[in-house]
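Asks: Pasting a structure here, questions to come.
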Amino acid sequence: MPTSYLIPCHVAIVMDGNGRWARKRFMPRFFGHKHGVETLVRTVLACADRGIQYLTVFAFSSENWRRPQDEVSGLMNLVLMAVSKYLGRLETQGVRIHIVGDRSQVSQRVREAWHEAESSTQHNTRIHLSVAFNYGGRWDVVQACQQAMRAGIEADQLDEAALNRYMAMSHVPDPDLFIRTGGEERVSNFLLWQIAYSELYFSDCLWPEFDDAQLDAALAAYASRERRYGALKQEEPPAALLPQVGS
Ligand code: FPP
């Protein structure tokens with residue numbers, strides 16, 4: 001499907017609801033996360049089919065370390081399982097993978113899996129999938145400031161564009177559409193800097209149930225929005241901005 005101005009260039013998703021989906025089936029939370037990975041792979045390909053060029057997903061937040069130890073280690077193992085099971089398919093489907101977040105706290109094995117995912121897809125261009133892992137929006141702002149200071153940027157040289165160059169998401173444009181599944185209506189420290197003008201869409205659907213129909217409902221809602229970036233509605237210019245007759 002060709003890209004149209006009604007299709008967002010960049011979609012960001014908070015994939016919430018895995019735990020509740022598993023609990024409804026009397027299964028452990030890990031079962032939900034495992035199905036969450038399958039939903040993620042399906043969603044990446046569905047987005048690519050619709051002409052979306054960038055997809056960014058929140059897979060593990062800086063705060064998720066506070067979850068029970070077995071859930072944290074389950075999510076780390078899921079990275080290894082996901083890379084070995086799905087990387088070949090994503091690679092042949094033209095998906096380029098980027099990992100964003102603080103890698104210093106994750107194990108060597110997880111770092112190696114991320115490296116493999118990034119390097120084996122580095123020539124792909126159909127869709128860019130950024131996986132936020134050990135990521136937090138506030139962490140990103142702080143680490144960008146630290147990098148700018150280490151680079152010797154003077155305070156009066158530091159504007160939005162300069163800081164943006166040091167952000168972990170500097171390889172992609174800002175999201176047009178921000179989706180959160182799972183019924184909660186909050187941002188939860190995801191992409192704080194980048195969603196300044198994103199359209200927000202909240203769905204009650206639990207992430208493992210997110211399918212083509214759910215994606216299309218979010219895209220239809222996006223297409224119906226009027227984006228103004230802080231400017232005035234075109235059909236209602238204030239009198240002061242109208243051409244003055246006779247002047
Ligand atoms: C939130 O659901 C989801 C997460 C914390 C993890 C999301 C991760 C995935 C979908 C897997 C992606 C993994 C890789 C390896 C790319 P929740 O557990 O908070 O659900 P709940 O709100 O129902 O408890």
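Every read-out reported here was derived from the displayed coordinates using simple, explicitly stated rules and does not represent laboratory data. None of these values were measured; they are calculated from a predicted model. Every residue, glycine among them, receives a Cβ derived from its backbone with ideal geometry; neighbour counts consider all protein chains shown.
Asks: Show me the chymotrypsin sites (Phe, Trp or Tyr not before Pro) within the stretch 1-88 that DSSP assigns to loop and that have at most 15 other Cβ atoms within 10 Å of their Cβ.
Replies: For chymotrypsin sites (Phe, Trp or Tyr not before Pro) across the stretch 1-88 that sit outside H, G, I, E and B with at most 15 neighbouring Cβ atoms in 10 Å, the list reads Tyr5, Phe26.
Asks: Loop-only check: which trypsin sites (Lys or Arg not before Pro) in the stretch 143-194 are DSSP coil with at most 15 other Cβ within 10 angstrom?
Replies: Counting only loop positions with at most 15 other Cβ atoms within 10 Å, the trypsin sites (Lys or Arg not before Pro) in the stretch 143-194 are Arg165, Arg186.
Asks: Rounded to the nearest 500, what is the chain's calculated 222 nm mean residue ellipticity when only DSSP H runs of at least 4 contribute -39500 (n - 2.57) each, over all residues?
Replies: Mean residue ellipticity, 222 nm, calculated: -12500 deg cm²/dmol.
Asks: Using a simple spin-label model with points 7 Å from Cα along the Cα→Cβ vector, what separation in nm is obtained for Asn77 and Asn164?
Replies: Spacing of the two 7 Å Cα→Cβ label points: 4.2 nm.
Asks: Between His123 and Ser188, what FRET efficiency comes out of the Förster formula 1/(1 + (r/R0)^6) with R0 = 41 Å and r the beta carbon distance, rounded to 0.05?
Replies: 0.80
Asks: Taking the stretch 1-89, which trypsin sites (Lys or Arg not before Pro) meet the DSSP loop condition and have no more than 12 other C-beta atoms within 10 Å?
Replies: Qualifying residues, ordered by number: Arg25.
Asks: Another question about this same structure. Which Rg and Dmax, in Å, describe the Cα atoms of the stretch 77-213?
Replies: In Å, with Rg to one decimal and Dmax whole: 16.7, 49.
Asks: Can you give me the pair-distance distribution of the chain, C-alpha pairs, 5 Å bins, whole percents?
Replies: Final binned percentages: 1, 6, 12, 16, 18, 17, 12, 7, 5, 3, 2, 1, 1, 0, 0, 0.
Asks: Pop the C-beta distance of Arg150 and Trp65 into the FRET formula with R0 = 25 Å and round what comes out to the nearest 0.05.
Replies: The pair Arg150/Trp65 has a calculated efficiency of 0.45.
Asks: Go ahead and run the numbers for FRET between Arg89 and Gln157, Cβ-Cβ distance against an R0 of 45 Å, rounding to 0.05.
Replies: Efficiency, from the Cβ-Cβ distance: 0.50.
Asks: Can you compute the modelled spin-label distance between Lys24 and Tyr197, with each label point 7 Å from Cα toward Cβ, in nm?
Replies: Between Lys24 and Tyr197, the simple spin-label model gives 3.7 nm.
Asks: With θ taken as phi - 60° and the coefficients 6.51, -1.76 and 1.60, list the Karplus ³J(HN,Hα) couplings across the stretch 111-118 in order, rounded to whole Hz; mark glycine and proline as x.
Replies: After applying 6.51 cos²θ - 1.76 cosθ + 1.60, I find 4, 5, 5, 4, 4, 4, 4, 6 Hz.
Asks: Right, here's the next one. Hey, what's the per residue convex hull volume over the C-alpha atoms of the stretch 60-124, in cubic angstrom?
Replies: 80 Å³
Asks: Would any residue of the stretch 61-80 have its amide N under 18 Å from a label point 7 Å out along Cα→Cβ of Val142? List them or say none.
Replies: From the stretch 61-80, the list is 61-67.
Asks: Something else about it: Counting just the Cα atoms, what span does the stretch 34-98 cover along each of its three principal axes? Round to the nearest Å and put the largest first.
Replies: Taking the Cα atoms of the stretch 34-98, the three principal extents are 38, 22, 20 Å.
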